[in-house]
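Chemist: Take a look at the following structure, please.
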Amino acid sequence: MAAAAGTWGFSLPAVERMRQRLLRGGLATDCLQEAMADIENDEETGVFVVGRGGYPNKDGIIQCDAAIMEGQPGRFGAVAALHGIGTPLAVARKVMEETPHSFLVGDGAVAFAKDQGFVVEDNSSLMSKKSTEAYQKYLETKKTLKKHDTLGLIALDIYGNITVGVSTSGSPFKYPGRVGDSPLPGCGLFADQEVGAAAATGEGDKIMCFCPCFHTVLLMRQGLSPVDACQTVVQDILQRAGKEKMFELGIIAMNMKGEVGAASSVAFPYCSWSQGKDAVEQVTQQP
Ligand code: ASP
């Protein structure tokens, strides 16, 4: 059973790309990485806080966070506060596959990317017209943008491998070096070959305090469906944080049967497909 899912409406082309590749027998990790790179590298989708064309930090530098986790125990790689690279998830995958480490940050992550043959670009070539204008406006007004849109993708291949990946340029105009929930295992993503996988999006500074993706997968292990697991986690956080302090959070999850579910504290569009269905579906999950 192959299946694919992605956070937000702008994941649709990525989920469609995964659908086509998975049906041709592609491996989950390869399909996911290629689909992610298409969006990360497209400066038009930078406004969704991902990769090239994303919003810079308060010093004008685009710093990205990305991570990948396969369902096999211990298969995880991440980068954070990475600058100069248009495809951060590909670097995270190299961390997983080519190093004894799991997580590289900042200049060390950039040096590693260079060693691996990635072209490290000038920040100016990663900025788009839109992100440059938005940054100018920020400098004039000092008003930050409340925008949160991690691209989270999950792929299940026909051989029964599941992989989850996330990529984001993080909170617009953030403090340099700020890392969100996205690349943190258990917070922004989690996968377990016996159970399924989950990815989160939203206000990372808050999300990371609740480990929602680990919790979601744990609940699926205990027998809950993806949608019930996601809903239980969002309800649990809502109860603990309190209605007044609740923040933007969306979770998608997939089990090993290729069933997909989501829950959120805001209207949250997500895309999914599973083998047997003709096309990728976009659904908006209501809070
Ligand atoms: N969670 C990401 C962060 O806070 C952004 C997002 O998902 O929208 O960096």
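Chemist: If you build the Cα gyration tensor of the chain and take the root of 5 times each eigenvalue, what three semi-axes come out, in whole angstrom, biggest first?
Modeler: Values: eigenvalues 147, 95, 58 Å².
Value: 27, 22, 17 Å, ordered largest first.
Chemist: Let me ask something else about it. Aspartates and glutamates within cross-link reach of Lys245: Cα-Cα under 15 Å, excluding same-chain residues under 8 positions apart?
Modeler: The reachable aspartates and glutamates, counting only those whose Cα sits under 15 Å from Lys245, are Glu203, Asp205, Asp236.
Chemist: For the stretch 17-155, calculate the relative contact order in percent as a whole number, restricting contacts to Cα pairs under 8 Å that are 6 or more residues apart.
Modeler: Numbers: 233 pairs, mean separation 35.4, N = 139.
The normalised contact order for the stretch 17-155 reaches 25 percent.
Chemist: Then there is this: Of the cross-linked pairs Lys58/Lys114; Lys58/Lys129; Lys114/Lys206; Lys129/Lys206; Lys129/Lys174; Lys206/Lys257, which ones have a Cα-Cα span greater than 28 Å in the structure shown? Provide the component values of the computation, followed by the final result.
Modeler: Values: Lys58/Lys114 25 Å; Lys58/Lys129 17 Å; Lys114/Lys206 32 Å; Lys129/Lys206 30 Å; Lys129/Lys174 19 Å; Lys206/Lys257 31 Å.
Checking Cα-Cα distances, Lys114/Lys206; Lys129/Lys206; Lys206/Lys257 exceed 28 Å.
Chemist: Taking neighbour Cβ counts within 10 Å as the exposure measure, how do Val260, Val179 sort from fewest upward? The partial results should precede the final answer.
Modeler: Working: Val260 27, Val179 22.
If I rank by nearby Cβ atoms, fewest first, I get Val179, Val260.
Chemist: On to the next question. Given the options Ser274, Ser169, Ser124, state which has the largest fluctuation in a GNM of the chain using a 10 Å cut-off (strictly under) for Cα springs.
Modeler: In this elastic network of the chain, the residue with the biggest mean-square fluctuation among Ser274, Ser169, Ser124 is Ser124.
Chemist: Restricting to DSSP loop positions (anything but H, G, I, E, B) with no more than 16 other Cβ atoms inside 10 Å of their own Cβ, which trypsin sites (Lys or Arg not before Pro) remain in the stretch 124-175?
Modeler: Numbers: sites: Lys129, Lys130, Lys137, Lys142, Lys143, Lys146, Lys147, Lys174; in loops: Lys142, Lys143, Lys146, Lys147, Lys174.
Sparse-neighbourhood loop trypsin sites (Lys or Arg not before Pro): Lys142, Lys143, Lys146, Lys147.
Chemist: Which of the aspartates and glutamates could a cross-linker bridge to Lys137, judged by Cα under 16 Å and excluding same-chain residues fewer than eight apart?
Modeler: Filter leaves Asp59.
Chemist: If you build a Gaussian network model of the chain, linking Cα atoms that sit under 10 Å apart, which residue out of Arg19, Arg52, Arg178 swings the most?
Modeler: Highest fluctuation among the options: Arg178.
Chemist: Which whole-number percent is the relative contact order of the chain (Cα, under 8 Å, 6+ apart)?
Modeler: On the way: 790 pairs, mean separation 66.1, N = 287.
Normalised by residue count, the contact order of the chain is 23 percent.
Chemist: What is the ratio of the Cα radius of gyration of the stretch 1-146 to 2.2 N^0.38 Å, with N the residue count, to two decimals? Before the final figure, lay out the partial values.
Modeler: Values: Rg = 15.9 Å, N = 146, 2.2 N^0.38 = 14.6 Å.
Scaled against compact globular proteins, the figure is 1.09.
All of the numbers you see were taken from the coordinates with simple rules; none came from a lab. Being a predicted model, the structure only gives us computed values, none of them experimental. Cβ: placed from backbone, ideal geometry, glycine included. Neighbour counts: every protein chain shown.
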